[in-house]
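Down below is the structure, laid out as structure tokens.
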Amino acid sequence: MTKQIYEDYKYFMQDVGSFFVGSKYTLKEITMCEDILFKFRKVVAESIIPSFDPDDTLETVLYYLKPDDFTLQVLRQMNAEVRVSIRKKKKHLFGKEEEVYSTEYMKIAELASMDKDEKEERSILIQELKGSKLALLTV
């Protein structure tokens with residue numbers, strides 16, 4: 001039997017002004033991956049890993065952020081947004097409602113302000129972290 005490695009949502013992309021990191025990376029993998037911006041790797045190593053376990057995924061870190069965490073201040077400084085899938089009710093033309101998942105970007109402070117029960121109720125699934133390259137230079 002061959003061992004399968006889970007690689008979905010493990011990616012790094014960038015454009016002129018932003019960078020995008022998949023949520024399934026562990027903090028240790030982020031610091032070791034040469035494809036990820038050096039400055040972001042340095043921020044993770046110096047500011048996020050001391051507060052969390054290096055084997056935690058980025059998804060776990062973002063999901064359990066609290067409004068008074070230092071990590072939240074660091075992510076807010078780099079204008080971070082999180083792409084999430086949220087369960088919403090959609091009303092059809094004739095009044096019938098159904099629950100669907102909608103993908104949207106959410107500010108990091110908005111995500112951290114929700115408590116765990118509210119996140120579970122809305123079935124929030126974290127997909128990626130988006131940050132500003134220019135704001136990353138100020139961290």
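The values are calculated or read from the model by the stated rules, or taken from the named source; none is laboratory data. This structure is a prediction, so every number in the text was calculated from the model and none was measured. So basically every Cβ, Gly included, is an ideal-geometry build from the backbone, and we count neighbours across all protein chains shown.
Results, tabulated for the structure shown:
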{"item": "Single condition K130 does not satisfy, out of (1) assigned to a helix (DSSP H, G or I); (2) at pLDDT 95 or above", "result": "(1)"}
{"item": "Test: residue in the range 83-94 that is within 23 Å of L125 (Cβ to Cβ) and in contact with a helix residue (DSSP H, G or I) (Cβ under 8 Å, 6 or more places away or on another chain)", "result": "yes"}
{"item": "Candidate set: the range 116-139, residues that are more than 24 Å from S47 (Cβ to Cβ) and of a type in the set (D, E, K, R); chosen: the one surrounded by the fewest Cβ atoms within 10 Å (Cβ to Cβ)", "result": "D117"}
{"item": "Selection within the range 29-49 - among the acidic types (D, E) and either within 16 Å of L62 (Cα to Cα) or touching a residue at least 12 places away in the same chain (Cβ under 8 Å) (or both)", "result": "E29, D35"}
{"item": "Restricting the range 14-42 to residues that are out of contact with any strand residue (DSSP E or B) (no Cβ under 9 Å at 6 or more places or on another chain) and of a type in the set (A, V, I, L, M, F, W, C), the residue that is farthest from G131 (Cα to Cα)", "result": "M32"}
{"item": "Single match in E29, E34 (criterion: in a loop (DSSP other than H, G, I, E, B), of a type outside the set (S, T, Y) and either more than 12 Å from the chain's Cα centre (by Cα) or crowded, with 16+ Cβ neighbours inside 10 Å (or both))", "result": "E34"}
{"item": "Close pairs (7 angstrom Cβ cut-off, 6 or more residues apart or separate chains): of a type in the set (F, W, Y) in the range 50-75, not in a helix (DSSP H, G or I) anywhere", "result": "Y63/I126; F70/S51"}
{"item": "Residue within the range 65-81 that is under 13 Å from the mean Cα position of the chain (by Cα), farther than 17 Å from G131 by Cα and not hydroxyl-bearing (S, T, Y) present", "result": "no"}
{"item": "Residue list for the range 60-89, filter: in contact with a strand residue (DSSP E or B) (Cβ under 7 Å, 6 or more places away or on another chain) and either exposed (fewer than 11 other Cβ atoms within 10 Å of the Cβ) or of a type in the set (G, A, S) (or both)", "result": "A80, S85, K89"}
